[in-house]
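The next block holds one structure in the form of structure tokens; read it before the comments.
The values are calculated or read from the model by the stated rules, or taken from the named source; none is laboratory data. This one's a predicted model, so the numbers in the text were calculated from it and none came from an experiment. Reconstructed Cβ throughout: ideal geometry from the backbone, glycine too, with neighbour counts over all protein chains shown.
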Amino acid sequence: MTPWPEPFPADPVLIAAGVAGFAALGSFLGAAQARLGAALDDEPTYAAHSFWRGRSICPACGEPLAARDLAPILSWLALGRRCRRCAAPIPPDYAAVEAGSVLAFLAALWAGGPWPSVFLTALLGSMLAALVAVDLRRQLLPDPLVLPLLPLGLLDAWLSGGDLVASAAGAAFGGGLLWLVRAVYRRARGIDGLGLGDVKLMAAGGAWVGPAGVGPVLLVAALATLLGGRDRRARRAARGSGDTHPVRTGPRLRDLRGRSVRLVRVAGVGAHARHAAAAKRPPGRKRSR
């Protein structure tokens, strides 16, 4: 299959429609990550809701939200970040995921490429924003938000004229490497130092960046984890907690602060590389399947 030739049209109306669409997607993903996290933690807040079905409710009082309270980002700001009925604070997770989804679309649009790849890369960023939100709050990576990223990475490689075999190899290498780290740590320490959610997420990331991109993603993630742990120790010492024990990097790898940004950046580089390679490939040469 030849790469999709048409870039995303530079039409202000279409761009505005894309912004509105990804804001709505962010609203859905913000609610989904809250519901999935609550369900995995056995909280009754969203007991009557699935992650994709059911009216939006206030997590504090449980009252359904009116349509006027559902405008992405704007409603949260207009309400003063509080529920209209009970005046309880509305967690910023929802607005953060909505804003992250819009920014992911604009970043993918700026990076360029065939329009299917722009949408898929923006979808990657939107789902990663939701994963960051739920992981920061609950240290969980729900499967319904993680698992779709792998086939989306393969689909992006296929539509953009990249190497589908390399994309699949990246998924196997990324997931296999973290699974091996998890197994070795558990055997050495007798506890899990890395969650299976991280293994699945790295497998999905490998599908987007290929085998060559797995190492840089893990390196930057590990360095950010160490720096984040050192910063937390400094804050605890300033509060007089006396906690000066070394940071264990295994468990801290579940802290995903900034991982969405890193993965989107590397994925963008990978997509650019695939587009460039496809453009230079002679017409008679077929892409690997």
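Tally the residues that are modelled with pLDDT under 95 and among the aromatic types (Phe, Trp, Tyr), restricting the search to the range 147-178. Residues flagged as modelled with pLDDT under 95 and among the aromatic types (Phe, Trp, Tyr) within the range 147-178 amount to 1.
Phe22 fulfils the conditions (1) at pLDDT below 90; (2) surrounded by 16 or more Cβ atoms within 10 Å (Cβ to Cβ); (3) closer than 25 Å to Leu106 by Cα except for a single criterion, (1). Got a number for residues in the range 19-35 being within 12 Å of Asp93 (Cβ to Cβ) and either touching a residue at least 60 places away in the same chain (Cβ under 8 Å) or of a type in the set (Ser, Thr, Tyr) (or both)? Count: 8. Reported count of residues in the range 126-170, each being within 15 Å of Asp93 (Cβ to Cβ), charged (D, E, K, R) and touching a helix residue (DSSP H, G or I) at 6+ places or on another chain (Cβ under 6 Å), is 1. If you check Ala48, Ala31, Ala39, Ala104 for being in a helix (DSSP H, G or I) and at pLDDT below 85, only one passes: Ala39. Total residues in the range 52-87 satisfying the condition of being surrounded by fewer than 17 Cβ atoms within 10 Å (Cβ to Cβ), among the small types (Gly, Ala, Ser) and not in a helix (DSSP H, G or I): the figure is 7.
Can Ala171 be described as under 18 Å from the mean Cα position of the chain (by Cα) and free of Cβ contacts under 8 Å to residues at least 40 places away in the same chain? It would help to see each step written out before you state the result.
Details: under 18 Å from the mean Cα position of the chain (by Cα): yes; free of Cβ contacts under 8 Å to residues at least 40 places away in the same chain: yes.
Judged against the criteria, Ala171 is a match.
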